[in-house]
Structure formats: structure tokens, C-alpha cells
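The values are calculated or read from the model by the stated rules, or taken from the named source; none is laboratory data. Note that the coordinates shown come from a computational prediction; the quantities given were computed from them, not determined experimentally. A quick note on method: Cβ atoms are made from the backbone with ideal geometry, for glycine too, and the neighbour counts reach across all protein chains shown.
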Amino acid sequence: MSSHKSGFIAIVGRPNVGKSTLLNALIGEKVSIISPKPQTTRNRIMGVYTQKDYQMIFVDTPGMHKGKDLLNKSIDKLAVSSIKDVDMVLFVVDNPKGEAEDIIIQYFRGSKIPVFLVINKIDELKNRSEIDEVIISYLGSHEYEGVFPISAKDHTHLDKLVETLIPYLPEGPLYFPEEMKSDQSEYQIMSELIREKILYHTEQEVPHSVAVVIESIEENEELNTLDVSALIIVERATQKQILIGKNGDKIKKIGTEARKEINSLLNTKIHLTLWVKIKKDWRNRPSDLKAFGYGEDS
């Protein structure tokens, strides 16, 4: 009689290497927001992949970087702590090894946790020699359990990656119900999807100065909808102006796209109201970080 296996697998790497795209591809649905801008993921997000004999809990971590403000230092601390207490690590890269990758590799040193090197975005590389060039640059930097060139966007070689991880899973229980795909609450999913649309539609200094807080969710029995009120926090009046846009066009577009995706992902029907509030220097205030879901207790 075969025993059940389960384990926690951290997905780590510098910002913008495709960690969230990989998590969503492995789970089979969107559990982490995606954006071409760095530092998209600010919180540790778990995606659950369950099969008959095993359960893999993938931990999507914020991109490791040397942040200057308190928010980014908190994000980096969270990413580093995510490497502890897991059974495996997927080290995701998309370029030859550089200084940023060397810093991350230091966190693996001395650890007995198996680390797999995942070369993402091979769909953007022209030929096999370019892939080999990336792989060769990491040889000797750590004793990797395996090296996997993949495309998370195109789902290339993901099945082979999963098959390789199974033997490394320890015996363990079903940590989460079979139907569960993520540990995120509805409040968290909604706020992250709104923030994703902000990241897509704003430039300059706005994206990294934004926090989104769901203030209320109320059932509207008459319309059979959920009335959702969300507060968008920025640091300066100029950021508020950019976010709202001419005649409110930008905030309307953000709200419309967020509402559609929330309806689809949560299989519900919502009416979304967005408010924008200025909170100067919130990224450097521990009380604000905690209130907006980025404190150590979040």
C-alpha cells in the first residue's frame, strides 16, 4: 500500500523572472497576480496542487532585491524567510548568473534543502546554445538537484518538472482540501486583482506606491450582487491624479477590468467602487504596513 506524500515548495528568484506565472501554470488557474513590472508579489502566496497520491504546496515569494524603504525591506525579509521550513526550492532565473543571483544563492549555502534550478522564458531565447549559456553560468554556484529549462507562459516542460519533484516529497497528510487551490481569502484575491490592474495601467512612480484595501463586502439581495468597496492608497497628490486620469477614465478602466476578472475568478457578480486616498510615506510606517497587510503579522 503506497503512502501519501505532501510537501511545501518555495518558488524564489529576483523580481520579474516569472515566479507568479509559474505558480499559476502549475496550479492550473490564477492564484497570483502577474505584471511586467517588478515587485508584483508582495505577500507570500500558496498554491495547492493535489493529485491522488500527493499534494504539492507551492509558495510564491516576493522577488528578492535590496529595497530601500521599509516596505521593500519587509518584502525581502519575507522572501528570505520563505526558504526556511520548506521541503524544496525552485530557484527561477531567466538570464545568465549575475550579482543579484549570487546574493540569492548565498541563502541556499549550508542548507540541506534540495534546490532545483529552473531556467524560465526559454520561449524568448533564440536557440539551444543560448539556453546552454544560461545553464553553464550557474554550474558550480550550488549543488542543484536538477536543472529545468521551461516556459511557464507556454507550459513547456512543466510536466517533467512536476514528475521530478514527486520523489522528493516526504510522506505527509492532505494539508488542504482537494478542491482548494490557494490559501488566499476573497478579500486578498480581490485586492490583489485590483492592484494588478493598477500595475498594468499606470507608469512612473505610481505602481510601487500603491496599496489596496477592501473596506467592505456587502450582499445586495435585490440585485443579487456583492457590493465591494475598495480603498486605493497612494503617497502623493500627483500619484492620485495619474491614477484617476482625465475625467476619471483611468480609474474607471481599472475598476471595470478588475470587476470582470473578480467575477470570473470567484464565480460571482460584484459591483465595485474604488476610492483613492493619499497617505504620505506609508511604505516607511510600520503601523501603515501592518494595517495594509504588509506587516510581519500579515
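No other residue among Ile198, Ile233, Ile166, Ile244 is under 20 Å from Asn16 (Cα atoms) and aliphatic (A, V, I, L, M) apart from Ile198. Determine, yes or no, whether Asp159 is free of Cβ contacts under 8 Å to residues at least 24 places away in the same chain, among the charged types (D, E, K, R) and either within 25 Å of Phe91 (Cβ to Cβ) or surrounded by fewer than 17 Cβ atoms within 10 Å (Cβ to Cβ) (or both). So Asp159 fits the description; yes.
Give the residues of the range 108-135 that are touching a residue at least 40 places away in the same chain (Cβ under 8 Å) and at negative phi, sorted by residue number.
Start the filter on the range 108-135 by keeping residues that are touching a residue at least 40 places away in the same chain (Cβ under 8 Å), which leaves 114, 116, 118, 120-121, 134.
Within the range 108-135, Pro114, Phe116, Val118, Asn120, Val134 qualify.
Considering only the range 175-187, I want to know if a residue exists there that is among the aliphatic types (A, V, I, L, M), surrounded by fewer than 19 Cβ atoms within 10 Å (Cβ to Cβ) and touching a residue at least 24 places away in the same chain (Cβ under 8 Å). Yes. Just one of the listed residues (Ile150, Ile136) is farther than 21 Å from Gln51 by Cβ and assigned by TED's automatic domain parsing to the domain that holds Gly18, and it is Ile136.
Does at least one position in the range 227-238 carry a residue that is surrounded by fewer than 14 Cβ atoms within 10 Å (Cβ to Cβ) and among the aliphatic types (A, V, I, L, M)?
yes
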